[in-house]
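Down below is the structure, laid out as structure tokens.
The values are calculated or read from the model by the stated rules, or taken from the named source; none is laboratory data. Just so we're clear, the structure is a prediction, and the values are computed from it rather than from any experiment. Glycine gets a Cβ as well: all are built from the backbone with ideal geometry, and neighbour counts include every protein chain shown.
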Protein chains: 2
Amino acid sequence: MNNIPLVFWLVPLASITALGMAWHFFRTMMRQDEGTDRMKDIAAHVRKGAMAYLKQQYKVVGIVFIVLALVFSFMAYVMKVQNPWVPFAFLTGGLFSGLAGFFGMKTATYASARTANAARKGLDSGLRIAFRSGAVMGLVVVGLGLLDIALWFLILNSYYGGQPTALVTITTTMLTFGMGASTQALFARVGGGIYTKAADVGADLVGKVEADIPEDDPRNPATIADNVGDNVGDVAGMGADLYESYCGSILSTAALGATAFALNGELQLKAVIAPMIIASVGIFLSLAGIYAVRTKEGAGTLQLLRSLGIGTNLSAALIAAATFVILYLLDMPGWLGLSFSVVTGLAAGVIIGQATEYFTSQSYKPTQSIAEASQTGSATVIIKGIGTGMISTMVPVVTICVAIMLSYLFANGFDLSMSAASISCGLYGIGIAAVGMLSTLGITLATDAYGPIADNAGGNAEMSGLGEDVRKRTDALDALGNTTAATGKGFAIGSAALTALALLASYIEEIKIAMIRAVEEGRTFLDATGSVFNPAEAGINDFMSFFQVTLINPKVLTGAFIGAMAAFLFCGLTMGAVGRAAGAMVDEVRRQFREIKGILEGKATPDYGRCVAISTRSAQREMILPSLLAIIIPVIVGVVLGVAGVLGLLTGGLAAGFTLAIFMSNAGGAWDNAKKYVEEGNYGGKGGACHKATVVGDTVGDPFKDTSGPSLNILIKLMSMVSIVMAGLTVACC
Amino acid sequence: MNNIPLVFWLVPLASITALGMAWHFFRTMMRQDEGTDRMKDIAAHVRKGAMAYLKQQYKVVGIVFIVLALVFSFMAYVMKVQNPWVPFAFLTGGLFSGLAGFFGMKTATYASARTANAARKGLDSGLRIAFRSGAVMGLVVVGLGLLDIALWFLILNSYYGGQPTALVTITTTMLTFGMGASTQALFARVGGGIYTKAADVGADLVGKVEADIPEDDPRNPATIADNVGDNVGDVAGMGADLYESYCGSILSTAALGATAFALNGELQLKAVIAPMIIASVGIFLSLAGIYAVRTKEGAGTLQLLRSLGIGTNLSAALIAAATFVILYLLDMPGWLGLSFSVVTGLAAGVIIGQATEYFTSQSYKPTQSIAEASQTGSATVIIKGIGTGMISTMVPVVTICVAIMLSYLFANGFDLSMSAASISCGLYGIGIAAVGMLSTLGITLATDAYGPIADNAGGNAEMSGLGEDVRKRTDALDALGNTTAATGKGFAIGSAALTALALLASYIEEIKIAMIRAVEEGRTFLDATGSVFNPAEAGINDFMSFFQVTLINPKVLTGAFIGAMAAFLFCGLTMGAVGRAAGAMVDEVRRQFREIKGILEGKATPDYGRCVAISTRSAQREMILPSLLAIIIPVIVGVVLGVAGVLGLLTGGLAAGFTLAIFMSNAGGAWDNAKKYVEEGNYGGKGGACHKATVVGDTVGDPFKDTSGPSLNILIKLMSMVSIVMAGLTVACC
């Protein structure tokens, strides 16, 4: 057993603190009054629908997990091409990711009526409840993430500790728990995304456009499904997504640390735990930020945004400062450079967030131009939105490129020699930059999860017939949520790009392990010149030569084509799914308006249940194919095209998927806010021809920003994780 | 001087035959009657507008060319990092590409009224004139292409011939003429695409949707601009585009042949001229196909399609057979494998064409589903169309991947060893597959260029008030043109993917030449271990190692991100340009309807000239930035990130750009035909709510399929060409 340094215990401590504070915020929220009977009743409806959906989804995902765990067990125990811990690590990753979504959603469904009720008193009370409830989600995600990491590290360390390559085995095994988290996250994002957008699109198209009734009007049969959708998609789906991003960045960096510093045991251990320590300190400092968020009555969107901004920026600044202290105290050689890598990641996150805000907020030109295009109809709104979304990819991509180069060079002391050691150190720097970017997750996720809670509070206020002023307050909270949500997606995709790069190196490491195992079993690998290739003594560059992973190898290029295509195909399938599900919803809502007399006059109650059932059924059926694609494609490419093909696949998928994700998320956010801009009274305001044109844009943007776009970051990492877990199979076949 | 084999003279002979036949078809067409005075008058208007635009465009492009030629001259004569022929080759490439577009457009503008007039007699007469006029364009493109290639080959051979590395120098110099063609093609595609879509979108949005008047109605002020646009975008733009594709594939394959077989002088010469010979024979066999196209009165779209299909398939089959004979007679070692590479390219073209037809023709499920989605409004039409377009990327990408692997393996005798020799032979196979795919261009381009001629004939018939039956015949011809146009775009992008791969190898070769020159001037290159690197003796793999072009190098990955982003940014800019220009057009048409009394009653003539001026101005202004991007990005990446970054850039741009291009072209084609499907009487037919919803889809699809999407294949190749031409600069800076 390795001697675990005292500082490691900060990790479980931070995890328990996060979970304890989450419990505290949850209890405080639960003590608030839920409002009138009507409010309670509506909240109960939404809660019931959300829980019913989640139960149904976990059943389907559970089957997938059992099948995959059996496959992994077969590979581990019968084929012996995998580590025996893999099936278990995989299952806990899925379980914890599911739990993070579950707790977040439970909190959100309890918080919405309470937020609406508090908003009757004033804006500050409303913000406080919504934001603290969002913080429950943020803290549960980071708390559960670090808990799972700490537990597995302790378990595996007590089992493997003391063996010469213990830390490499431990960290690569822990990556499979990342695969479990990614698999569950993809299902949650896709299923939740289809659910929420089918309901949202269906409700808007018939309600707002055809029947001319306001959003969340109780006369609309799809309105409960829409509110349920906000919870299962925007809360549970996002929670699982960011749980996956958070753990993925820490685990891949730890794995890189284990291989980069394999020759120096003490330093190696430090490199493995450093990302965990930074994340732990991030939790404490996020808590400080959470307490700093407060506002005054009568605050506008900008003031609210500033208030949230103070909290997140405070946390970010404190974490940047703390990183230098931590790495210095850890006495890591190159601590200064590594600290700058972390700061690079934090800064990149902030810049991407700012750029996202610029391209998606109605306070700026791009979104205003989309609204302006509504004067010439919905077609020009779509053309303009797509154009703007595509142009908006420039800043985030360039930022990530600069961050990659800088964090790489900071970490290896500006060494461009591309020796094995300098590459490993540099990649470790890229990984730790991703950890830096996500270290503020406790608070950034709070500002993110707060959006759907405010949205639902608005829905509750509308359906309960609360006064105009209450609705106005919840609207202010909701508008803000749109911007914070877009920023959160920027963080998720930005960190994914950095993490995915780190995972490329982990993939090579896993191939190395599999080859060493094969050699031990008597297999001989010959290189192009016919000499024997000894994987145990080969560095990362030697593997690149052995597998001929250059850009002139047609296998690499073929893989890159397939990777880019996979991103588009995945989006095409999920867009198609939302289209089909929304179509079914529209038919149902129209049918109810036609057949149930008196709905539109408010004299008859619509059949909310059937709409909930349609969303549930569509989401369950449609999430399977795109999610399985992410698992199957890397396996097929690995078997047919080998290691070179897989690396091409991951690179092509990363480059195209990253850009596509930003395009879709930003276009969707901009369309949404262009509509809000018109609703604020520009170009004829609510109900005019321009408004109708922007509603079309918003509707198209819904699956862009809440289904396809934000799933891509999970897709990218899941393809990497699957490749890593299947490395043994690839080696066996090639 | 190398001893030029007799068979080479087939190239100028084929070129002159093609140009002669083009002249013959042109004269035959000109002898037909142009119809009534009104018809002549309208045709003259369109012709004048088109020529005026082209003149204006050539002025702007001319300035760009002069500036670039001066830059190249400076690099060649002052910095001495470039071959002295480069500025001249560059200029002729641009000139010939422009000429191809000019002649094609001139023919098209003379042919439209004659086609309309012939359609008064019968469908067959109409088809014959439109198709033969399209053939003028097809033959001019291939004729001018081979003429330029043959001339430069003879000139450079008489200058360099006899030197040991003559053929390498000659073929890489000729690639710069490819860069000239690509530069001019990008401006033509982007400028023409913006022009035509601004007019089309503007005319449709106000005319069809708001004022409820039919397409091409003379009361619509934008209708002349729309018809001019079909000529400058779909004819002149497409001609320049395919001229670039055609020459690019032949030149890059010749360059690969020169390096792949550098050690065997006789074989090397054969490998250089083989792609030219295959292309020459393709011209004769395309002519055979052109004569086989005829139809009977009363034929429906499917019969017309079959008639065109017989022509193209006949040509393709003959060329496949002829390839075996040519390569056998050339006595090339491995002739059988190479012939199969050519057949692979031809087959891939056919499969991509079929898949394109399936995804974009209203005879099949995907497009019908988009029409079905119109029942729930325009938003679901857009969502469904985007989803379908994204899914449609699968077949072409997989086809190209299989074609890459097969043509590579056929050419090098299934050698996966990745030795320098096997890579070079394999890449030569990929290049010659692209030549195979484009060898039928004489006829495929005829079926492609015929579309806009038929479209314009319909416009002329409508504006001249010809009978219902004439319009029906031109409509049948036009509907067909939509499918053949989509197929043509499939060919262009498919061949671009193969050509771009071949250009990667040419880039390395050019880097090698630049490094050898630098060594001669006294510079020393040290590799990572500090040993001296001798470029003159290094193979392709050695350069990959020296520049560390592996997928673990952050420069490569950064380059790939920027490449993917460049494709999106380019589309975003061109989409935005169309949106802006169309908005201006809509405003103008609305203004005329409002201010010029009696337009809608047909009592006053609209001011067509102002609409033409708006399109011209917008296109000129907006084409500059996106086109220059393609030139500037590779230069910056080369200077900052070096060779590894450039190869990453080209790979990322290729993978993402290829997929994005198919997505955009197919989505656009499907939206267009979904509208046609509704117009055929489905879901309420013309004028109903569903029709309006599909018109929105069609409008969004316009810039997808005619501006952004089809420009991407040029963008990809131009970025490669610029990198090749700027290789000397990159070496000087790194």
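Can you spot a residue in the stretch A:110-127 that is farther than 23 Å from A:P710 by Cα, crowded, with 24+ Cβ neighbours inside 10 Å and among the basic types (K, R)? Quick ask: steps written out before the conclusion?
Narrowing the stretch A:110-127 to residues farther than 23 Å from A:P710 by Cα: A:110-127.
The next check asks that each one be crowded, with 24+ Cβ neighbours inside 10 Å; those that pass are A:111-119, A:126-127.
Among the residues that remain, those that are also among the basic types (K, R) are: A:114.
Yes, the stretch A:110-127 contains at least one residue that is farther than 23 Å from A:P710 by Cα, crowded, with 24+ Cβ neighbours inside 10 Å and among the basic types (K, R).
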- [ ] Among the residues of the stretch A:2-37, write down those that are more than 31 Å from the chain's Cα centre (by Cα), more than 30 Å from A:W152 (Cβ to Cβ) and either exposed (fewer than 15 other Cβ atoms within 10 Å of the Cβ) or among the polar types (S, T, N, Q) (or both).
- [x] A:D33, A:T36, A:D37
Task: For B:K40: the one exception among (1) exposed (fewer than 15 other Cβ atoms within 10 Å of the Cβ); (2) touching a residue at least 24 places away in the same chain (Cβ under 8 Å); (3) under 18 Å from B:I129 (Cα atoms) - done: (1)
Open item on the list: Suppose we filter B:E509, B:E462 for residues that are of a type outside the set (G, A, S) and either touching a Phe, Trp or Tyr at 6+ places or on another chain (Cβ under 6 Å) or more than 12 Å from chain A (Cβ to nearest Cβ) (or both); which single one remains?
Closed with: B:E462
Open item on the list: Against the conditions (1) surrounded by 19 or more Cβ atoms within 10 Å (Cβ to Cβ); (2) assigned to a helix (DSSP H, G or I); (3) out of contact with any strand residue (DSSP E or B) (no Cβ under 9 Å at 6 or more places or on another chain), where does A:Q548 fall short? Just the number, please.
Closed with: (2)
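I'd like to check which helices (runs of 4 or more DSSP H) are fully inside the stretch A:316-401 and have at least 3 residues that are within 30 Å of B:E210 (Cα to Cα) and of a type outside the set (A, V, I, L, M).
Values: elements: A:335-360, A:365-373, A:378-391.
Ranges flagged: A:365-373, A:378-391.
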TODO: Go through the stretch B:582-616 and count every residue that is more than 35 Å from the chain's Cα centre (by Cα), surrounded by fewer than 16 Cβ atoms within 10 Å (Cβ to Cβ) and either of a type outside the set (A, V, I, L, M, F, W, C) or modelled with pLDDT of 90 or more (or both).
DONE: 9
- [ ] Output the number of residues of the stretch A:153-172 satisfying the condition of being within 27 Å of the chain's Cα centre (by Cα) and not in a helix (DSSP H, G or I).
- [x] 0
Open item on the list: I'd like the residue in the stretch B:512-532 that is surrounded by fewer than 19 Cβ atoms within 10 Å (Cβ to Cβ) and touching a Phe, Trp or Tyr at 6+ places or on another chain (Cβ under 9 Å) and, out of all such residues, is nearest to the other protein chains (Cβ to nearest Cβ).
Closed with: B:A528
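Looking at the stretch B:582-598, which of its residues are facing chain A (nearest Cβ under 7 Å) and within 17 Å of B:T223 (Cβ to Cβ)?
Step one: of the stretch B:582-598, the residues facing chain A (nearest Cβ under 7 Å) are B:582-583, B:586.
Passing the criteria: B:A582, B:V586.
Of all the residues that make up the stretch A:138-173, how many are within 17 Å of A:S97 (Cβ to Cβ) and among the aromatic types (F, W, Y)?
Looking only at the stretch A:138-173, we keep the residues that are within 17 Å of A:S97 (Cβ to Cβ), and these are A:138-152.
Cutting the leftovers down to among the aromatic types (F, W, Y) gives us A:152.
Of the residues in that region, 1 qualify.
From B:A655, B:A667, B:A727, B:A674, which residue is within 16 Å of B:G494 (Cβ to Cβ) and either in contact with a helix residue (DSSP H, G or I) (Cβ under 8 Å, 6 or more places away or on another chain) or of a type in the set (D, E) (or both)? Working first, answer last.
Working: B:A667 fails: within 16 Å of B:G494 (Cβ to Cβ); B:A727 fails: within 16 Å of B:G494 (Cβ to Cβ); B:A674 fails: within 16 Å of B:G494 (Cβ to Cβ).
Answer to the selection: B:A655.
Considering only the stretch A:381-396, state which residues are crowded, with 24+ Cβ neighbours inside 10 Å, within 8 Å of another protein chain (Cβ to nearest Cβ) and of a type in the set (V, I, T). Talk me through it step by step, then tell me what you get.
Of the residues in the stretch A:381-396, the ones crowded, with 24+ Cβ neighbours inside 10 Å are A:381-390, A:392-393, A:396.
Pick out the ones that are also within 8 Å of another protein chain (Cβ to nearest Cβ) and you get A:382-384, A:386-390, A:392-393.
Answer for the stretch A:381-396, where residues must be crowded, with 24+ Cβ neighbours inside 10 Å, within 8 Å of another protein chain (Cβ to nearest Cβ) and of a type in the set (V, I, T): A:I382, A:I383, A:I386, A:T388, A:T393.
Within the stretch A:533-545, can you find the residues that are assigned to a loop (DSSP other than H, G, I, E, B) and crowded, with 17+ Cβ neighbours inside 10 Å? Quick ask: steps written out before the conclusion?
Taking the stretch A:533-545 first, the residues assigned to a loop (DSSP other than H, G, I, E, B) are A:534, A:538-539.
Selection gives A:A538 alone.
Against the condition more than 7 Å from chain A (Cβ to nearest Cβ) and part of a loop (DSSP other than H, G, I, E, B), how does B:F414 come out, does it pass? Please lay out each step first, then the result.
Values: more than 7 Å from chain A (Cβ to nearest Cβ): yes; part of a loop (DSSP other than H, G, I, E, B): yes.
Yes: the conditions hold for B:F414.
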Open item on the list: Among the residues of the stretch B:533-581, what is the count of those that are at the interface with chain A (Cβ under 8 Å from one of its Cβ atoms) and either over 30 Å from the mean Cα position of the chain (by Cα) or closer than 30 Å to B:R517 by Cβ (or both)?
Closed with: 18
- [ ] For the stretch A:133-147, name all the residues that are over 18 Å from the mean Cα position of the chain (by Cα) and buried (at least 24 other Cβ atoms within 10 Å of the Cβ).
- [x] A:S133
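Here is a yes/no grid of residues against (1) under 30 Å from A:F543 (Cα atoms); (2) over 18 Å from the mean Cα position of the chain (by Cα); (3) hydroxyl-bearing (S, T, Y):
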site	(1), (2), (3)
A:A619	no, yes, no
A:V635	yes, yes, no
A:T651	yes, yes, yes
A:L660	no, no, no
A:D672	no, yes, no
A:K676	no, yes, no
A:E679	no, yes, no
Task: Odd one out for B:M405 among (1) more than 30 Å from A:G697 (Cβ to Cβ); (2) in contact (Cβ under 8 Å) with a residue 40 or more places away in the chain; (3) facing chain A (nearest Cβ under 9 Å) - done: (2)
TODO: Could you tell me which of the residues B:S378, B:S363, B:S419 is surrounded by fewer than 20 Cβ atoms within 10 Å (Cβ to Cβ), facing chain A (nearest Cβ under 8 Å) and out of contact with any strand residue (DSSP E or B) (no Cβ under 6 Å at 6 or more places or on another chain)?
DONE: B:S419
Task: Scope the stretch B:452-491; condition charged (D, E, K, R) and in a loop (DSSP other than H, G, I, E, B); matching residues - done: none
Open item on the list: Only one of B:T196, B:T169 is of a type in the set (V, I, T), surrounded by 24 or more Cβ atoms within 10 Å (Cβ to Cβ) and either out of contact with any strand residue (DSSP E or B) (no Cβ under 7 Å at 6 or more places or on another chain) or within 14 Å of another protein chain (Cβ to nearest Cβ) (or both). Can you tell me which?
Closed with: B:T196
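With the structure loaded, tell me whether A:F177 is assigned to a helix (DSSP H, G or I), at pLDDT below 90, away from chain B (no Cβ under 14 Å) and in contact with a Gly (Cβ under 8 Å, 6 or more places away or on another chain) or whether it fails that test. Break it down stepwise before answering.
Details: assigned to a helix (DSSP H, G or I): yes; at pLDDT below 90: yes; away from chain B (no Cβ under 14 Å): yes; in contact with a Gly (Cβ under 8 Å, 6 or more places away or on another chain): yes.
Taking the combined requirement at face value, the residue satisfies it.
So that you can scan it fast, the table gives a plain yes or no per residue for (1) of a type in the set (D, E, K, R); (2) touching a Leu at 6+ places or on another chain (Cβ under 9 Å):
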position	(1), (2)
A:Q184	no, yes
A:Y195	no, no
A:L205	no, no
A:E215	yes, no
A:I224	no, no
A:D230	yes, no
A:D241	yes, yes
A:G248	no, yes
A:S252	no, yes
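In this structure, is B:T558 surrounded by 24 or more Cβ atoms within 10 Å (Cβ to Cβ) and more than 21 Å from B:D230 (Cα to Cα)? Before you say what the answer is, go through the steps one by one.
Numbers: surrounded by 24 or more Cβ atoms within 10 Å (Cβ to Cβ): yes; more than 21 Å from B:D230 (Cα to Cα): yes.
So B:T558 passes the test.
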Open item on the list: Against the definition (part of a helix (DSSP H, G or I), of a type in the set (V, I, T) and within 12 Å of another protein chain (Cβ to nearest Cβ)), how does B:I443 come out, yes or no?
Closed with: no
Task: Selection within the stretch A:61-88 - touching a residue at least 60 places away in the same chain (Cβ under 8 Å) and buried (at least 17 other Cβ atoms within 10 Å of the Cβ) - done: A:V61, A:V64, A:F65, A:L68, A:F72, A:M75, A:V81, A:Q82, A:N83, A:W85, A:V86
